[in-house]
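The values are calculated or read from the model by the stated rules, or taken from the named source; none is laboratory data. Everything numeric in this text was worked out from a predicted model, so none of it was measured. Using ideal geometry, Cβ is built from the backbone for each residue, glycine included, and neighbour counts are taken over all protein chains shown.
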Amino acid sequence: MIRVPRLGVDIVEIPRVARLIRSRRFLRRVFTPQEVDYCLSKKHRAQHFAVRFAAKEAVWKALGDPRLGHRDISVTNRQSGEPRVVLPGRWAKEASRVTISLSHGAEYAVAVALYSRS
């Protein structure tokens, strides 16, 4: 049986995320402590939070597992700067099968996730 790769895409309005990240509850519900630290260290933090939020949504869509929550999906950077997905527990081995691409401007952040099932 041939498995077709699954694609997830999401776009986020950065000004909307800029309002949401004022809430500690939102930050705790959606992002890991490492993601919060990373984004808060950036000059344009709303863009970094927005693109990570878009990435979580795109990965969730590509994996297609409704049991997976926002905090289960972590977006980090390799030393090269390339973004990568980290997943916990039973999904951990699937993380190596997910490739993501992130981009943002002043108003929008977009993420694409490709899940290559074997």
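Numbers below:
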quantity: Any hit, the range 29-48, residues being in a helix (DSSP H, G or I), in contact with a Phe, Trp or Tyr (Cβ under 9 Å, 6 or more places away or on another chain) and closer than 19 Å to Leu7 by Cα; calculated: no
quantity: Residue in the range 93-104 that is of a type in the set (Asp, Glu) and either touching a Ser or Thr at 6+ places or on another chain (Cβ under 8 Å) or at pLDDT 95 or above (or both) present; calculated: no
quantity: Residues of the range 97-118 classified as in contact with a strand residue (DSSP E or B) (Cβ under 9 Å, 6 or more places away or on another chain), loosely packed, with under 14 Cβ neighbours inside 10 Å and over 28 Å from His44 (Cα atoms), total; calculated: 1
quantity: Condition met for Val17 (surrounded by 12 or more Cβ atoms within 10 Å (Cβ to Cβ) and touching a strand residue (DSSP E or B) at 6+ places or on another chain (Cβ under 6 Å)); calculated: no
quantity: Within the range 54-76, considering residues that are over 15 Å from Val12 (Cα atoms) and charged (D, E, K, R), the one surrounded by the fewest Cβ atoms within 10 Å (Cβ to Cβ); calculated: Arg67
